[in-house]
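Here you go, one structure.
The values are calculated or read from the model by the stated rules, or taken from the named source; none is laboratory data. In this text, all values refer to a predicted model and were calculated from it rather than measured experimentally. Cβ atoms come from the backbone with ideal geometry, glycine included; neighbour counts cover every protein chain shown.
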Amino acid sequence: MNNIKRRSITTNFDARLLTETNNLCPLCGKRLLGEKAGCSVKLYEVAHIYPHSPTPEQNATLRDVPKANDAASFENLIALCQNCHKNQDFHTTFEDYMRLYNMKQKIMRQSKAMDDAALVPIETQIEEVLRKLKAVNISQLTPLSYTPVAVERKIGRADVLLREKVKDFVVRYFPFVQDLFGHLDGIGKQKFDKIANEVKLCFLSMEERNLSQEEVFDGIVKWVQSKTQSQYGVACEIIVAFFIQNCEVFNEITE
């Protein structure tokens, strides 16, 4: 066993680890914080993805795996429920390690993408678009009169559920959203172009992080929600679908 001194974990450090997993165990989905008598109860433990003090058996099992340079670094730590941490600590297999390692890598890519996106501004007029979209009577909408080919050319077969969701949003709402942008006070062509460019910039900042198309879509939705302080999650999804069809989000796939 290695006798390397473990680095102490601070409250702020724990908070970062909980935030990146949305306070849920990434392996089983259990909540990592409970509540008792109005106070938060810790239901998690901070796990080392690569063992901090590996046994000879773990050294042999994990001999060729990718790993962080420092076992005590943030990149090698993740918040797990107590049961999952126990299993991960004492029953480490190559498959279990790679699952957790890849999970952490994905979480960090998403986190860095959201940090990048947070620097991109968005025009306040889009808040009015979201409010009107939330209040629309669906029965009075005129659906798109043609197949949204742009969506089919941009979203690959690996994300077929995302493609069908976006196509449905575009068919139902594209003409309405286009009309909203055209008639809201303060939004002329120049202002709309500015909004479109901001959405494009957000997309590009996420694309650089090597995220999947579903992760990029969800990231832009969260960006719109954050920048507008909106509670209208579906309305934000519809806005992002609009900009996919309008060519600011995703590029055509060449196969």
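Can you confirm whether A79 is part of a strand (DSSP E or B) and in contact with a Ser or Thr (Cβ under 6 Å, 6 or more places away or on another chain)?
yes
Taking the stretch 199-226 on its own, how many of its residues are over 12 Å from the mean Cα position of the chain (by Cα), at pLDDT 95 or above and crowded, with 20+ Cβ neighbours inside 10 Å?
Of the residues in the stretch 199-226, 4 are over 12 Å from the mean Cα position of the chain (by Cα), at pLDDT 95 or above and crowded, with 20+ Cβ neighbours inside 10 Å.
Given V171, V177, V216, which one is in a helix (DSSP H, G or I), closer than 21 Å to K106 by Cβ and not polar (S, T, N, Q)?
Among V171, V177, V216, only V216 is in a helix (DSSP H, G or I), closer than 21 Å to K106 by Cβ and not polar (S, T, N, Q).
Could you list, ordered by first residue, the pairs with Cβ atoms under 6 Å in which the first is in the stretch 52-69 and surrounded by 11 or more Cβ atoms within 10 Å (Cβ to Cβ) and the second is among the polar types (S, T, N, Q), at least 6 apart or interchain?
Matching pairs, first to second residue: S53/N2; Q58/T92; A68/N76.
Among D115, D193, D159, which is part of a helix (DSSP H, G or I), within 19 Å of Q245 (Cα to Cα) and within 18 Å of the chain's Cα centre (by Cα)?
Answer to the selection: D159.
If I filter the stretch 33-55 for residues that are over 30 Å from Q213 (Cα atoms), touching a Phe, Trp or Tyr at 6+ places or on another chain (Cβ under 7 Å) and among the β-branched types (V, I, T), do I get at least one hit?
No, every residue in the stretch 33-55 fails to be over 30 Å from Q213 (Cα atoms), touching a Phe, Trp or Tyr at 6+ places or on another chain (Cβ under 7 Å) and among the β-branched types (V, I, T).
Given (1) touching a helix residue (DSSP H, G or I) at 6+ places or on another chain (Cβ under 6 Å); (2) surrounded by fewer than 13 Cβ atoms within 10 Å (Cβ to Cβ); (3) of a type outside the set (G, A, S), identify the lone condition not met by K36.
Among (1) touching a helix residue (DSSP H, G or I) at 6+ places or on another chain (Cβ under 6 Å); (2) surrounded by fewer than 13 Cβ atoms within 10 Å (Cβ to Cβ); (3) of a type outside the set (G, A, S), K36 violates only (1).
Right, another one. Which pairs turn up if I take residues in the stretch 82-97 that are more than 12 Å from V65 (Cα to Cα) and look for partners that are among the aromatic types (F, W, Y) with beta carbon separation below 8 Å, at least 6 apart in sequence or on another chain?
Hits for this filter: Q82/Y44; H85/Y44.
Further question: Looking at the stretch 123-156, which of the residues that are closer than 13 Å to I244 by Cα, aliphatic (A, V, I, L, M) and in contact with a helix residue (DSSP H, G or I) (Cβ under 8 Å, 6 or more places away or on another chain) is modelled with the lowest pLDDT?
Restricting to residues being closer than 13 Å to I244 by Cα, aliphatic (A, V, I, L, M) and in contact with a helix residue (DSSP H, G or I) (Cβ under 8 Å, 6 or more places away or on another chain), the top hit is A150.
How do the strands (runs of 3 or more DSSP E) wholly within the stretch 8-74 filter down when requiring 1 or more residues that are assigned by TED's automatic domain parsing to the domain that holds H91, among the hydroxyl-bearing types (S, T, Y) and farther than 20 Å from T93 by Cα: which remain?
39-42, 44-48
Looking at Q140, Q82, Q105, which one is in contact with a Leu (Cβ under 8 Å, 6 or more places away or on another chain) and not β-branched (V, I, T)?
Q82
Continuing with this model, one more query. Please work out which residue is nearest to C202 (Cα to Cα), limiting yourself to the stretch 216-228 and to residues that are out of contact with any Phe, Trp or Tyr (no Cβ under 9 Å at 6 or more places or on another chain) and free of Cβ contacts under 8 Å to residues at least 60 places away in the same chain.
Within the stretch 216-228, the match that is nearest to C202 (Cα to Cα) is V221.
Rundown of residues vs (1) assigned by TED's automatic domain parsing to the domain that holds F176; (2) assigned to a helix (DSSP H, G or I); (3) surrounded by 15 or more Cβ atoms within 10 Å (Cβ to Cβ), yes/no style:
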residue: Q88; (1), (2), (3): no, yes, yes
residue: K104; (1), (2), (3): no, yes, yes
residue: I107; (1), (2), (3): no, yes, yes
residue: Q110; (1), (2), (3): no, yes, yes
residue: E128; (1), (2), (3): yes, yes, yes
residue: L133; (1), (2), (3): yes, yes, yes
residue: S145; (1), (2), (3): yes, no, no
residue: A150; (1), (2), (3): yes, yes, yes
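Out of all the residues in the stretch 189-201, is one or more small (G, A, S) and either in the same structural domain as M108 (by TED's automatic domain parsing) or under 16 Å from E237 (Cα atoms) (or both)?
Yes, that holds for at least one residue.
Restricting attention to the stretch 9-32, report how many residues are modelled with pLDDT under 90 and of a type in the set (A, V, I, L, M).
Number of matching residues: 2.
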